[in-house]
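Below is the structure I would like to discuss, written out as structure tokens.
Laboratory data are not the source of any read-out in this text; all were calculated from the coordinates shown. Predicted model only: the values in this text are computed from it and were never measured. FYI the Cβ positions are ideal-geometry reconstructions off the backbone, even for glycines, and counts take in every protein chain you see.
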Amino acid sequence: MLSEQTCLVTGASRGIGRGIALELGETGANVVVNYRSSDEEAQEVVEEVEARGGNAITAKADVADYEEVGLMRERVHDEFGEVDVLVNNAGITVDKKFEHMSREDWERVMRVNLGGVFNCTKHFFEDVRQAHEGRLINISSVVGQQGNYGQANYATTKSGLFGFTRTIALELASEGSTANCVAPGFVATDMLETVPERVKEKILRRIPLDRFATVEDVSGIVRFVASEESSYMTGQILAVNGGMEW
Ligand code: NAP
């Protein structure tokens, strides 16, 4: 149970982050729903957490903006106090074959997917370290393990999270806090909707369980990693990908 703990989920207005926020809210945690632009959707997530008996607030901030994340930290501290569980979930894709990928396409993805993880972890590192068994959970991807055609920028950010997570795990360990990665396969969200149908069919043929993941397939694993049951697991990559090889 995570009751009385505060969990911050970045990119929680939609998709996987939304599912994680609802799942953690059900355990009795205080949930912070971070997002960048979807005001209404974020508010609906808060209302849904509350309808299930939990506490939640929205916290609008572009994770790529260091100052905005600092302001979010103040708001979270005012409302709920220090953060026990940080889930770095916010992420974007800008897919192109490498020959067509511009420097801006590369940097946009770096700024959100890696820069955002740096900014949030930096601002909440002390909270997580000092928490009783604090948790840092980074949402990576099978694409960080396998690579993927047209995703050189995205794959690089998702592999980068492995080295980051393993290092932070070492630096948190003396206080009993942990850092782990959850690496989903292909999940039915808006992000997957940007992939052309014929490419989705090809991907599906590579998934032994013969279906895309649901948001709940991933959020349940995140709930386990956030819980005290995972206390002795740190620096790990949990692959939630329907049996794809990597
Ligand atoms: P999604 O449906 O596109 O939702 C993205 C979420 O991130 C939204 O809540 C969005 O907020 C937020 N966001 C984007 N940029 C942000 C920023 N700069 N600052 C704050 N919030 C920001 O994505 P998803 O499919 O749920 O993916 C979530 C995470 O899982 C990502 O890290 C992704 O790489 C990873 N993942 C996804 C899949 C998949 O197949 N879907 C597979 C493996 C890993 P707004 O609504 O305000 O824009």
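Taking the Cα centre of each part, how many Å lie between region 137-183 and region 85-115?
First find each Cα centre; the distance between them is then 14 Å.
Is it possible to state the helix-based mean residue ellipticity at 222 nm for the chain, with each DSSP H run of 4+ residues giving -39500 (n - 2.57), the sum divided by total residues, to the nearest 500 deg cm²/dmol? What is it? Walk me through the intermediate numbers first.
Values: 10 runs with 113 residues, N = 246.
Mean residue ellipticity at 222 nm (helix-derived): -14000 deg cm²/dmol.
Something else now. What number do you get for region 94-215 when its Cα radius of gyration is normalised by 2.2 N^0.38 Å, N = residues?
Working: Rg = 16.3 Å, N = 122, 2.2 N^0.38 = 13.7 Å.
Taking the Cα Rg and dividing by 2.2 N^0.38 Å, one obtains 1.19.
Using 0.36 nm times the number of residues separating Arg103 and Arg166, minus their current alpha carbon distance, what extension gain do you get? Write down the numbers at each step before the final one.
Working: separation 63, 0.36 × 63 = 22.68 nm, distance 2.82 nm.
Result for the pair: 19.9 nm of gain on full extension.
On full extension of the chain, what length is gained from Glu41 through Val199, given 0.36 nm per residue of separation minus the C-alpha to C-alpha distance?
Numbers: separation 158, 0.36 × 158 = 56.88 nm, distance 2.85 nm.
54.0 nm is the gain from fully extending Glu41 to Val199.
Averaged over every viewing direction, what's the projected area of the C-alpha convex hull for region 163-246? Give it in nm², one decimal, please. The partial results should precede the final answer.
Numbers: hull surface 25.4 nm².
Reported value for the Cα convex hull: 6.3 nm².
Treating only the Cβ of Lys, Arg, Asp and Glu as charged (+1, +1, -1, -1), what charge dipole size does region 6-238 show about its Cα centre? Round to the nearest 20 debye. Working shown, then result.
On the way: 24 positive and 37 negative charges, 242 e Å.
That gives a dipole near 1160 debye.
Something else about it: Classify the chain: rounded, prolate or oblate, from the alpha-carbon gyration tensor (a ≥ b ≥ c, eigenvalue square roots; a/c under 1.5 rounded; otherwise prolate if a/b is larger than b/c)?
Numbers: a/c = 1.44, a/b = 1.43, b/c = 1.01.
Cα axes put the chain in the rounded bin.
Hey, what did the chain get for relative contact order, percent, Cα under 8 Å, at least 6 apart?
On the way: 517 pairs, mean separation 46.2, N = 246.
Averaging sequence separation for qualifying contacts and normalising by length gives 19 percent for the chain.
With both partners inside the chain, how many of the DSSP beta bridges are antiparallel, as a percent to the nearest 5? Write out the running numbers ahead of the final one.
Numbers: 0 of 27 bridges.
Of all bridge pairs located within the chain, approximately 0 percent are antiparallel.
Under 13 Å Cα-Cα from Lys97, which aspartates and glutamates qualify once same-chain neighbours fewer than 8 residues away are excluded?
Within the straight-line limit of under 13 Å, Lys97 reaches these aspartates and glutamates: Asp105.
Once you keep just the Cα pairs under 8 angstrom separated by 6 or more residues, what percentage relative contact order results for region 166-246? Don't jump to the answer; show the numbers that get you there.
Working: 94 pairs, mean separation 40.4, N = 81.
Once normalised by length, the contact order is 50 percent.
Follow-up question, since we're still on this one. Using the Cα atoms of region 1-49 to build a convex hull, what is its mean projected area in square nanometres? The partial results should precede the final answer.
Numbers: hull surface 11.0 nm².
For region 1-49, averaging the hull's shadow over all directions gives 2.8 nm².
Once R0 is set to 51 Å, what does the formula 1/(1 + (r/R0)^6) return for the Cβ-Cβ distance between Leu209 and Gln130, expressed as a FRET efficiency to the nearest 0.05?
Numbers: r = 40 Å, r/R0 = 0.78.
Working from the Cβ atoms, E equals 0.80.
Which residue, Lys96, Lys202, Lys158, has the most motion in a Gaussian network model of the chain that connects Cα atoms within less than 10 Å?
Result: Lys202 has the largest fluctuation of those listed.
To continue, here is another question. Round to a whole angstrom and tell me the spacing of the C-alpha centers of region 185-246 and region 23-43.
Cα centroid of region 185-246 versus Cα centroid of region 23-43: 21 Å apart.
I would also like to ask the following. If the chain between Leu71 and Ala51 were fully stretched, how many nm would it gain, using 0.36 nm times the residue separation less the Cα-Cα distance?
The span from Leu71 to Ala51 would gain 4.5 nm if fully extended.
Tell me which of Phe98, Val49, Asn34 sits at the most positive position along the dipole axis of the chain, charges placed on C-beta atoms (Lys, Arg +1; Asp, Glu -1).
Result: Phe98.
For the residue pair Ala173 and Glu245, what label-to-label distance in nm results when each label sits 7 Å from Cα along the Cα-to-beta-carbon direction?
If labels sit at Ala173 and Glu245, their model points lie 3.2 nm apart.
To continue, here is another question. Please find the FRET efficiency linking Tyr232 to Lys122, where r is the Cβ-Cβ separation and R0 is fixed at 22 Å, and quote it to the nearest 0.05.
Working: r = 26 Å, r/R0 = 1.20.
Computed FRET efficiency for Tyr232 and Lys122 comes out at 0.25.
Sorted from fewest to most neighbouring beta carbons within 10 Å, what does the list Phe186, Phe164 look like?
Values: Phe186 23, Phe164 20.
The fewest-first ordering by Cβ neighbours comes to Phe164, Phe186.
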